[in-house]
1. Collect residues whose amide H, placed 1.01 Å from N in the peptide plane, falls under 5 Å from the amide H of Met171; neighbours closer than 5 in sequence don't count.
2. Can you tell me the dipole magnitude for segment 74-206 around its Cα centre, using point charges on the Cβ only (Lys, Arg +1; Asp, Glu -1), in Debye to the nearest 20?
3. Asp10: net charge of surrounding residues, Cβ under 15 Å, Lys/Arg +1, Asp/Glu -1, itself excluded?
4. Scale the Cα Rg of segment 47-206 by the rule-of-thumb value 2.2 N^0.38 Å and send over the ratio, two decimals.
5. Out of residues 5 or more away from Val119 or on other chains, whose amide H comes under 5 Å of its own, with H placed 1.01 Å from N in the peptide plane?
6. Structure shown: which of Lys81/Lys116; Lys63/Lys92; Lys89/Lys200 lie over 23 Å apart, alpha-carbon to alpha-carbon?
7. Give a quick list of trypsin sites (Lys or Arg not before Pro) in segment 22-129 that DSSP marks as loop, anything other than H, G, I, E or B, with at most 10 other Cβ atoms within 10 Å.
8. Of all DSSP beta bridges in segment 93-197, what percent run antiparallel (nearest 5)?
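The values are calculated or read from the model by the stated rules, or taken from the named source; none is laboratory data. The structure displayed is predicted, hence computed values, not measured ones. Using ideal geometry, Cβ is built from the backbone for each residue, glycine included, and neighbour counts are taken over all protein chains shown. Note: accessible area is taken over every heavy atom of the protein model, side chains too, but ligands, DNA and RNA are not part of it. Shrake-Rupley method; radii C 1.70, N 1.55, O 1.52, S 1.80 Å.
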Amino acid sequence: MAEFIKIYPDNPSEAAIAKVVKVLKEGGLVIYPTDTVYGLGCDITNTKALERIARIKGVKLEKANFSFICHDLSNLSDYVKQIDTATFKILKRALPGPYTFILPGSTNLPKEFKKKTTVGIRVPDNSIALEIVRQLGNPIVSTSIHDEDEVIEYTTDPELIFEKWQNLVNMVIDGGYGDNTASTIIDLSGHEPIVIREGKGDVDIL
């Protein structure tokens, strides 16, 4: 059964974050708060953990559209091809924030994602998520826990999330009530920005 851990977003405890990072480094799956809906994440470098998330979501790993949660834009060059100044300015304006940006993938992507030409990058405006990634030292691969068709209460209340997910994951973080609006997805991999899904992030930043 998963561990249920309370972390306060205003001042995340170093010791609590270290516990989460230990679980991730050991190949565990963690449900954690973001600036939108709660996310299900694992260490980007752990193949077995990636396969577990794909299984839970019912998708083939190489076809999965998972996001990479980064601490800031400094990780970008590890996973994304060189981007132009206009694109970088949009990212700087929007992040950290409730956006997922689709960007052209680089040749350095983890082997599980080698066939992908694009990646989804997230830098959520949530201190717990950002601290986890900072302490881990590399991005986490993430997917929202909500069902695409219906956003129901269990996706916002950490205790209800724990009830539903306790046998599927290793840790559920209670970082307070989550939002039930997903991130805005913007495709910046082509010549013009394309809004794929309008969510919590305002599209006026374009």
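1. Glu3, Leu29, Ile31
2. Using only the charged Cβ atoms, the result is roughly 960 debye.
3. On the way: positive: Lys6; negative: Glu14, Asp35, Asp125, Glu131, Asp174.
That works out to -4.
4. Working: Rg = 15.6 Å, N = 160, 2.2 N^0.38 = 15.1 Å.
Expressed relative to 2.2 N^0.38 Å, the Cα Rg reads 1.03.
5. HN-HN under 5 Å from Val119: Leu103, Gly105.
6. Working: Lys81/Lys116 12 Å; Lys63/Lys92 29 Å; Lys89/Lys200 20 Å.
From Lys81/Lys116; Lys63/Lys92; Lys89/Lys200, over 23 Å: Lys63/Lys92.
7. The qualifying sites are Lys60, Lys115.
8. 65
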